[in-house]
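Asks: Attaching a single structure in structure tokens format; questions to follow.
The values are calculated or read from the model by the stated rules, or taken from the named source; none is laboratory data. It should be emphasised that the depicted structure is a prediction, and the values quoted were computed from it without experimental measurement. FYI the Cβ positions are ideal-geometry reconstructions off the backbone, even for glycines, and counts take in every protein chain you see.
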């Protein structure tokens, strides 16, 4: 399990510490006494830490949703719930695409555009019904606390719980431009080969892997010297500049 999900030794040590195992000696002593309960607890702790979860409570626009949400929170106090309404969000985006309203995903309101000129097509019956529904969703007192559809909040809170490595590919080290166009979000433990395949998939480079050069910026400006990584070497930090060289097309 640890190697299959590419957990770092420090991460595994943290999980074992929660199990009361502080060092290798304690592990050898306690492992002999472990049974199914301890094994299940170890797996549960590992999964909880390795894959932190946000539970989206969909259909928050239904009148019965509040009671269901309260019951779930009372029954599972350790879980993180976020109410949302995918149907209202989809309706808002569809009406925006059709030019019937102005809306930014994640905001707690929408605005209607100016009246169309005479002769322009009026909203259809289906569009009118959707407009009434989204208006009711944001209407007081429901919107008194800044109600949103919850879709962007679910995504934001899920990403906030997910440790990522940000790799900024650049054709030169140090970069010759003040800002970088691309940012690759990778899982912890990502290797130089992961960066290479991601760049190939996005058609930013082509050809066989030659080498990868990495620079980790320093907090107070400047940067450390470039490191050359092999394919299997992990990226050295949470935010790095990377230059991948191949035998064909390079980044421009």
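Asks: Can you find a residue in region 142-149 that is under 22 Å from the mean Cα position of the chain (by Cα) and at pLDDT 90 or above?
Replies: Yes.
Asks: Scanning region 198-225 for residues that are modelled with pLDDT of 85 or more and assigned to a loop (DSSP other than H, G, I, E, B), which turns out nearest to the chain's Cα centre (by Cα)?
Replies: 202
Asks: Could you tell me how many of the residues in region 33-65 are surrounded by fewer than 13 Cβ atoms within 10 Å (Cβ to Cβ), at pLDDT 90 or above and farther than 30 Å from residue 2 by Cβ?
Replies: So the count comes out to 2.
Let's see how each residue does on (1) without any contact (Cβ under 8 Å) to a residue 12 or more places away in the chain; (2) in the same structural domain as residue 190 (by TED's automatic domain parsing); (3) surrounded by 12 or more Cβ atoms within 10 Å (Cβ to Cβ):
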{"position": "71", "(1), (2), (3)": "yes, no, no"}
{"position": "81", "(1), (2), (3)": "no, no, yes"}
{"position": "103", "(1), (2), (3)": "yes, no, yes"}
{"position": "130", "(1), (2), (3)": "no, no, yes"}
